[in-house]
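I have placed the structure first, in the form of structure tokens, so that the comments after it can refer back to it.
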């Protein structure tokens, strides 16, 4: 394995079609190989546990078939040729409108997964857009998370539009070009768009600690897709974070909504085994309506 300090490019592009790309990322536990669709609209991921060499392809067959059909129709006018990949010179670029637009904060906001798009491993960075005035553009939260999660210093940059930040008891007017730095992890923070199409870039990391990707990214992306693509995202996250209970729980919700009872029960069983508090979540979970009255579901909740 190459020294991770070597500044070697990890993204390949198809010559003549930069939307079609291959990205490799890794940490001490997991190797992830991402291959995008030709139109750049989705990813197939090979996740490998580096200790056991167990692997999973995070792409459902039905979704792959649908994607191939979409690719065929979208590339019908392209001249056939040999697939050729060219390596970047250690950098890559993207415009905001080239990034995914995923639902965030209910229906009010849009999440642009910047870190995931570029495969950034050194710090957290994402962008959020509120398409309407009054929409949430930064979720109200603090950084007092348990264990190794959170406690980030966060820098917000208003890229476009105008936002009102609530920082503890203070309110800050933040037009385009404003930087807002929050050092105290205990300080509650959030922001509302004052103008339509307000976008805020959020950058964060925990001082004195090596950055690592958080499971919440997989949960956000999986819930936003909430389809066979979501299954692939949750499965990828479960390989990378095998001790996290929320990822299989959300996967169980997805399967239950799709009427896939055996898969839903298997995922819920895994979640409960990792954290028994998942029983409490499941007892009030509306997504499990199709499972109520099922003998195995009742047994899982009973313990």
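The values are calculated or read from the model by the stated rules, or taken from the named source; none is laboratory data. Predicted model only: the values in this text are computed from it and were never measured. Note that we place each Cβ from the backbone using ideal geometry, even for glycine, and neighbour counts take in every protein chain shown.
Scanning segment 191-227 for residues that are at positive phi and free of Cβ contacts under 8 Å to residues at least 60 places away in the same chain yields 208, 226.
For segment 94-108, taking the residues that are within 19 Å of residue 140 (Cβ to Cβ) and out of contact with any helix residue (DSSP H, G or I) (no Cβ under 6 Å at 6 or more places or on another chain), the one that is surrounded by the fewest Cβ atoms within 10 Å (Cβ to Cβ) is identified as 106. In segment 109-123, what residues are surrounded by 18 or more Cβ atoms within 10 Å (Cβ to Cβ) and outside any helix (DSSP H, G or I)? Scanning segment 109-123 gives 109, 110, 111, 112, 113.
Residues in segment 191-231 that are assigned to a loop (DSSP other than H, G, I, E, B), in contact with a helix residue (DSSP H, G or I) (Cβ under 8 Å, 6 or more places away or on another chain) and closer than 16 Å to residue 110 by Cα: 226 alone.
Outside the structural domain of residue 20 (by TED's automatic domain parsing) and touching a residue at least 12 places away in the same chain (Cβ under 8 Å): is that true of residue 142 in this structure?
Numbers: outside the structural domain of residue 20 (by TED's automatic domain parsing): yes; touching a residue at least 12 places away in the same chain (Cβ under 8 Å): yes.
In short, yes.
Quickly run through segment 275-290 and pick out the residues that are farther than 12 Å from residue 253 by Cβ and out of contact with any helix residue (DSSP H, G or I) (no Cβ under 7 Å at 6 or more places or on another chain). Break it down stepwise before answering.
Taking segment 275-290 and keeping what is farther than 12 Å from residue 253 by Cβ, we get 275-277, 279-280, 283-284.
Scanning segment 275-290 gives 275, 276, 277, 280, 284.
Can you tell me which of 33, 114, 110 is over 30 Å from residue 196 (Cβ atoms), at pLDDT 70 or above, touching a strand residue (DSSP E or B) at 6+ places or on another chain (Cβ under 9 Å) and outside the structural domain of residue 242 (by TED's automatic domain parsing)?
Numbers: 114 fails: over 30 Å from residue 196 (Cβ atoms); 110 fails: over 30 Å from residue 196 (Cβ atoms).
Result: 33 is the single residue among 33, 114, 110 that is over 30 Å from residue 196 (Cβ atoms), at pLDDT 70 or above, touching a strand residue (DSSP E or B) at 6+ places or on another chain (Cβ under 9 Å) and outside the structural domain of residue 242 (by TED's automatic domain parsing).
Looking at this structure, is residue 232 surrounded by fewer than 21 Cβ atoms within 10 Å (Cβ to Cβ) and outside the structural domain of residue 183 (by TED's automatic domain parsing)? Answer is no for this residue. Taken residue by residue, segment 194-205 has at least one member that is surrounded by fewer than 20 Cβ atoms within 10 Å (Cβ to Cβ), out of contact with any strand residue (DSSP E or B) (no Cβ under 7 Å at 6 or more places or on another chain) and either under 30 Å from residue 166 (Cβ atoms) or modelled with pLDDT of 95 or more (or both).
Only helices (runs of 4 or more DSSP H) whose full extent lies in segment 247-303 are considered here, and the ones with at least 1 residues that are under 18 Å from residue 223 (Cα atoms) and modelled with pLDDT of 95 or more are 261-274, 278-283. Filtered by the rule that a residue be within 18 Å of the chain's Cα centre (by Cα) and buried (at least 17 other Cβ atoms within 10 Å of the Cβ), segment 131-148 gives 137, 138.
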